[in-house]
Amino acid sequence: MRQAGRYLPEFRETRAGQDFFNTCRSPEACCELTLQPLRRFPLDAAIIFSDILVVPQALGMEVTMIPGKGPSFPKPLKEEQDLEHLRDPAAAASELDYVFQAITLTRQRLAGRVPLIGFAGAPWTLMTYMIEGGGSSTMAQAKRWLYQRPQASHRLLCILTDTLVPYLVGQVAAGAQALQLFESHAGHLGPQLFSKFALPYIRDVAKRVKAGLQKAGLAPVPMIIFAKDGHFALEELAQAGYEVVGLDWTVTPKKVRERVGKTVTLQGNLDPCALYASKEEIGRLVQQMLDDFGSQRYIANLGHGLYPDMDPEHVGAFVDAVHRHSRLLRQN
């Protein structure tokens, strides 16, 4: 899900004393941080080191990363007229060339060993940060916009979509072999708000990225949608134009498969906190997860990202258990 390893001592050593977003703007540093987990674990893919908030930065907003707290926007969006200060989406995409350089460099260093995944945050999730000014347990200010300023909300979501499409096409042009869209704050919306303010833009991103790749003469790549806590919209997500639907740990694999059918690939969904368990218990949990998902149209993964205090050996136990039990499933 998110490999680049806050849990790895070599990650912390590489990042020591470095500003987070300065690191994101260094292709060499991003490449190194992307490759570090692959030196330790026999992973089946790499995901580029970056951050979803490089997009608001490209639109002209200041974003800082405060150690121990997380992202902070000194001047979040307060009023509809604040949208006038955002950079034009076409110009914003050109501000993200450092991400493309990192992808190209990493592809070269990977030398075909495993595929490289690019990613971005979905429009609603990016909107929440831009209005809340950082993380939030309620997203009350962002949701206030949805209720009090629906037209302005759609305008902002359109700006973000118009920025994301060339950004994701550019990632593929630079060498990304799959794309993942993170709707990390889906769970803060009920079914109605999600259908109105999140799902249309999720669909639009997929449709327009695929068209953009075709127009650029680029081969299509698999696209993954991960909407955390969006279990109320699984059927809609399965029909949203993505080849893969990522799942968090709050849903039951068999029930999800019944709901979405057999044509979409599922990814997930072990609770990341399961990695605090013993290696033996991790192996048992992985076996249960793989048995529940089955061997067809399934990518084993965690149900969200890893946490900084996780033991790398337990991450390795998870990866090894997936490979070991996968082989048994295929033999049977």
For the stretch 149-156, indicate whether the set of residues that are within 25 Å of Val244 (Cα to Cα) and polar (S, T, N, Q) is non-empty. no
What's the total number of residues in the stretch 28-47 that are out of contact with any Gly (no Cβ under 9 Å at 6 or more places or on another chain), in contact (Cβ under 8 Å) with a residue 24 or more places away in the chain and open to solvent by less than 30 Å² (accessible area, probe 1.4 Å)? 7
If I go through the stretch 48-75 residue by residue, how many of them are polar (S, T, N, Q) and buried (at least 21 other Cβ atoms within 10 Å of the Cβ)? 1
Scan the stretch 137-156 and report the pairs whose first residue is modelled with pLDDT of 95 or more and whose second residue is surrounded by 12 or more Cβ atoms within 10 Å (Cβ to Cβ) and among the β-branched types (Val, Ile, Thr), with Cβ atoms within less than 7 Å and a gap of 6+ or a chain change. Met139/Thr128; Gln141/Ile131; Ala142/Thr128; Ala142/Ile131; Trp145/Ile131
Would you pick out the residues in the stretch 123-146 that are open to solvent by 20 Å² or more (accessible area, probe 1.4 Å) and not hydrophobic (A, V, I, L, M, F, W, C)? Tyr129, Glu132, Gly135, Ser136, Ser137, Thr138, Gln141, Lys143, Arg144
Would you check which residues across the stretch 3-24 are in a loop (DSSP other than H, G, I, E, B) and surrounded by fewer than 19 Cβ atoms within 10 Å (Cβ to Cβ) and list them? Arg6, Ala16, Gly17, Gln18, Asp19
Would you confirm whether any residue within the stretch 76-91 is modelled with pLDDT under 95 and open to solvent by 20 Å² or more (accessible area, probe 1.4 Å)? yes
For the stretch 39-151, please list each of the strands (runs of 3 or more DSSP E) lying entirely inside it that holds at least 2 residues being of a type outside the set (A, V, I, L, M). 70-72, 116-121
Given the residues Phe182, Phe194, which is the only one that is farther than 19 Å from Leu83 by Cβ and in contact with a strand residue (DSSP E or B) (Cβ under 7 Å, 6 or more places away or on another chain)? Phe182
I'd like to check something: does the stretch 107-117 contain any residue that is buried (at least 22 other Cβ atoms within 10 Å of the Cβ), touching a residue at least 24 places away in the same chain (Cβ under 8 Å) and out of contact with any Lys or Arg (no Cβ under 6 Å at 6 or more places or on another chain)? no
I'd like the full set of residues that are touching a strand residue (DSSP E or B) at 6+ places or on another chain (Cβ under 7 Å) and more than 13 Å from Val286 (Cβ to Cβ), limited to the stretch 258-271. Val260, Val264, Thr265, Leu266, Gln267
Failed criterion for Ser50 (all others in (1) touching a helix residue (DSSP H, G or I) at 6+ places or on another chain (Cβ under 6 Å); (2) farther than 25 Å from Val221 by Cα; (3) hydroxyl-bearing (Ser, Thr, Tyr); (4) touching a residue at least 40 places away in the same chain (Cβ under 8 Å) hold): (2)
Any residue that is within 27 Å of Leu275 (Cβ to Cβ), open to solvent by 10 Å² or more (accessible area, probe 1.4 Å) and of a type in the set (A, V, I, L, M, F, W, C) - is there at least one of those in the stretch 191-200? no
Looking at (1) under 23 Å from Trp145 (Cβ atoms); (2) among the aliphatic types (A, V, I, L, M); (3) outside any helix (DSSP H, G or I), can you tell me which one Ala219 breaks? (1)
Where the second residue is open to solvent by 50 Å² or more (accessible area, probe 1.4 Å) and β-branched (Val, Ile, Thr) and the first is in a helix (DSSP H, G or I) and lies in the stretch 196-216, which pairs have Cβ atoms under 9 Å and are six or more apart or on separate chains? none
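The values are calculated or read from the model by the stated rules, or taken from the named source; none is laboratory data. What you see is a predicted model; the values in this text were computed from it and never measured. In this analysis, Cβ positions are derived from the backbone assuming ideal geometry, glycine residues included, and neighbour counts consider all displayed protein chains. Please note that ligands, DNA and RNA were not included when accessible areas were found on the heavy atoms of the full protein model with its side chains. Shrake-Rupley method; radii C 1.70, N 1.55, O 1.52, S 1.80 Å.
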